[in-house]
Amino acid sequence: MQTVTATSADSSENMADGSITTMDDSNQYLTFIMANEEYGVDILCVQEIRGWESATPIPNAPPNIKGVINLRGTIVPIVDLRQCFGMEAIEYTSVTVVIVLKVKTEKGSRVVGIVVDAVSDVYNLTPEDMKAPPDLGDSVSTDYIRGLVNVEEKMVILLEIDKLLNMDELPDLSEVSSKLMEVAGQ
């Protein structure tokens with residue numbers, strides 16, 4: 001449900017807590033391309049979209065962790081989503097982008113960047129548009145898939161980004177951030 005702040009209640013329903021909820025149950029999803037397939041994430045998780053720039057490598061990090069960038073004082077780990085999905089690595093080009101996301105974890109929220117081939121579009125989708133992920137048995141987990149939708153004759157896989165990027169498996173970069181700020185004299 002989408003919550004908005006408004007002064008009038010036309011075509012809206014007042015909630016007990018004073019917020020106003022629109023009758024429109026659609027959510028927006030930012031879609032991106034990897035290996036000629038389209039994927040989407042809830043646009044409310046997206047903080048910004050950046051062109052690819054070199055990341056500072058972290059020693060002993062897994063191959064899908066490209067390193068970290070300093071984003072206005074926040075140290076952001078950069079994850080190559082192609083490698084997370086077991087796809088063939090490609091050379092980054094001028095259309096390669098980093099989508100900076102806010103990910104919720106048991107310890108709170110963290111900011112992480114994902115490298116994708118290209119950004120595609122933004123779609124308004126309702127829960128009725130979504131199909132459940134396929135049951136692939138116990139051998140393949142689909143917990144990270146929110147749903148599947150058909151948009152303009154193509155299948156889009158909507159990702160559950162909080163489950164996909166389980167940050168507890170990544171190193172805690174808060175100490176790295178404070179050390180980098182000390183070195184930079186900030």
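Were the residues from Thr105 through Ser141 laid out at 0.36 nm apart, the gain over their Cα-Cα distance would be 11.1 nm.
Sort Glu152, Glu91 so the one with the fewest other Cβ atoms within 10 Å of its own Cβ comes first. List each step's numbers first, then the result.
Values: Glu152 8, Glu91 5.
Fewest-to-most ranking of Glu152, Glu91: Glu91, Glu152.
In summary, the lysines within cross-link reach of Lys131, defined as a Cα separation below 16 angstrom excluding same-chain residues under 8 places away, comprise Lys154.
Taking other C-beta atoms within 10 Å as the exposure proxy, Phe32, Phe85 rank Phe85, Phe32 from fewest upward. Positive end of the dipole of the range 23-184 (Cβ unit charges, origin at the Cα centre): among Ile157, Gly67, Pro127, the Cα lying farthest that way belongs to Gly67.
Would you mind computing the Rg to Rh ratio of the range 23-184 from its alpha-carbon coordinates, Kirkwood style for Rh?
0.97
Charge dipole of the range 23-184 (Cα centre as origin; +1 on each Lys and Arg Cβ, -1 on each Asp and Glu Cβ, all else neutral): 620 debye, rounded to the nearest 20.
A short reminder: the numbers here are calculations on the coordinates, not readings from a lab. Treat the numbers as computed from the prediction; the structure is a model and nothing was measured. Every residue, glycine among them, receives a Cβ derived from its backbone with ideal geometry; neighbour counts consider all protein chains shown.
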